[in-house]
Amino acid sequence: AQRVTQPEKLLSVFKGAPVELKCNYSYSGSPELFWYVQYSRQRLQLLLRHISRESIKGFTADLNKGETSFHLKKPFAQEEDSAMYYCALGTFGNEKLTFGTGTRLTIIP
Amino acid sequence: DVKVTQSSRYLVKRTGEKVFLECVQDMDHENMFWYRQDPGLGLRLIYFSYDVKMKEKGDIPEGYSVSREKKERFSLILESASTNQTSMYLCASSPPGRGGSNQPQHFGDGTRLSIL
C-alpha cells in the first residue's frame, strides 16, 4: 500500500533562512506528488505538483525517485510562509490521494 | 475559480444523534471526497464518490455513510454520532484524471464538528 511520511510535525525557521520540509513516499509505480498548504483560517489549497515543475511563492520541490522523496524547499523564508504543509501522493489510475500527517512551519521574525 | 462550499463552519451535536454534513461544488467535477483532519494524523479519507450514486470507502469509513444524489452535492452522514467523531471535516472535489494521472483536489473551508 502507498504511504507518505512527513517526519517533522513542527518546524521553526528564522526569517531569511532556508526552509526544507521533508516528504518521503512508498509506492512501487510511477508517483504523482503534490504539496498542499493551509494558512491560518484559510482552506487547504494546492501549492505545487511535481509534474508542473513550477516555483510557487518561491517554493520548489523535486521528485527524487531514487530516494523516494519530494522535499519542499525555499531559499529565504518569509513570515507569511507560516502555515501547515501537507505532502500528498497520487497513484496511476487512482483518483484518490494519500496525504501525509503534515508539518506545521513557523517562521520566527 | 472552483468553489467548494460546506454548509456549516461549526456544528455541535449530541451523542447518538444522526448528523448530516453537506458539501456543494460548482465546477461540475466528477470526483468528491470527505476527509477528517486531526492533529498529528493529517487528512484521512472517509469516503470518495466518482459519480452520482457511486461511492467507495476510504481509509476510515466506520460510523459514516455518504449520499450523492446530484453531481454537485456530496453528503456525509454520521449514523449515530459518538465523541470520537469530534473533528474537522473537509470536503474536496476534483475533475477526473487524464491518462491515469491525478488532478488536484479543491477543498472547502471545513466543518468543525463537536459531539458532546
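When Rg and the Kirkwood Rh are both derived from Cα coordinates, the Rg/Rh ratio for segment A:3-108 amounts to 0.95.
Summarising the amide proton neighbourhood of A:Glu8: residues at separation of 5 or more, or on other chains, whose placed amide H is nearer than 5 Å comprise A:Lys22. Rolling a 1.4 Å probe over the protein heavy atoms leaves B:Arg73 with an accessible area of roughly 110 Å². Here's the picture: a label point sits 7 Å out from the Cα of A:Thr60 along the beta-carbon direction, and within segment A:66-106 the residues with their amide nitrogen under 16 Å of it are A:70-77.
Total Å² of accessible surface buried at the A-B contact, 1.4 Å probe, nearest 100? Please report the intermediate quantities before stating the final value.
On the way: alone 6640 and 6520 Å², together 11130 Å².
Interface area, both chains combined: 2000 Å², rounded to the nearest 100.
Summarising the amide proton neighbourhood of A:Phe92: residues at separation of 5 or more, or on other chains, whose placed amide H is nearer than 5 Å comprise A:Ser30.
Of all lysines in the structure, those lying under 17 Å Cα to Cα from B:Lys71, and not within fewer than 8 positions of it along the same chain, are B:Lys3, B:Lys53, B:Lys55.
Annotation: for a label point projected 7 angstrom from Cα along Cα→Cβ of B:Glu56, residues of segment B:74-93 with backbone N closer than 16 Å are B:92-93.
In segment B:73-116, the residues that give up 30 Å² or more of accessible area when the other protein chains are added, compared with the chain on its own (1.4 Å probe), are B:Gly100, B:Asn102, B:Pro104, B:Gln105, B:Phe107, B:Asp109. Computed over protein heavy atoms with a 1.4 Å probe, the carbon and sulfur contribution to the accessible area of chain A reaches 50%. Converting phi to 3J(HN,Hα) with the Karplus coefficients 6.51, -1.76 and 1.60 and the offset θ = phi - 60°, segment A:19-34 yields 10, 9, 9, 8, 8, 10, 10, 10, 6, 7, x, 8, x, 10, 10, 9 Hz in sequence order, with x at every glycine or proline. For peptide B:32-40, the mean count of partner chain Cβ atoms within 10 Å of a residue's Cβ comes to 2.
Any idea how far the Cα center of segment A:1-68 sits from the one of segment B:1-24, in Å? Cα centroid to Cα centroid, the span is 29 Å. Accessible area per residue for the protein assembly as shown, computed on protein heavy atoms with a 1.4 Å probe, is 49 Å².
Out of segment A:7-109, which chymotrypsin sites (Phe, Trp or Tyr not before Pro) are coil in DSSP terms and have no more than 12 other C-beta atoms within 10 Å? When the chymotrypsin sites (Phe, Trp or Tyr not before Pro) of segment A:7-109 are filtered for loop state and at most 12 Cβ neighbours within 10 Å, A:Phe76 remain.
Using the Karplus curve 6.51 cos²θ - 1.76 cosθ + 1.60 with θ = phi - 60°, work out ³J(HN,Hα) for each residue of segment A:43-53 in order, rounded to whole Hz, and write x for Gly and Pro. Running phi through 6.51 cos²θ - 1.76 cosθ + 1.60 with θ = phi - 60° gives 7, 5, 9, 5, 9, 7, 10, 5, 6, 7, 6 Hz.
The values are calculated or read from the model by the stated rules, or taken from the named source; none is laboratory data. This structure is a prediction, so every number in the text was calculated from the model and none was measured. Reconstructed Cβ throughout: ideal geometry from the backbone, glycine too, with neighbour counts over all protein chains shown. Ligands, DNA and RNA are excluded from the accessible area calculation, which covers all protein heavy atoms including side chains. Shrake-Rupley method; radii C 1.70, N 1.55, O 1.52, S 1.80 Å.
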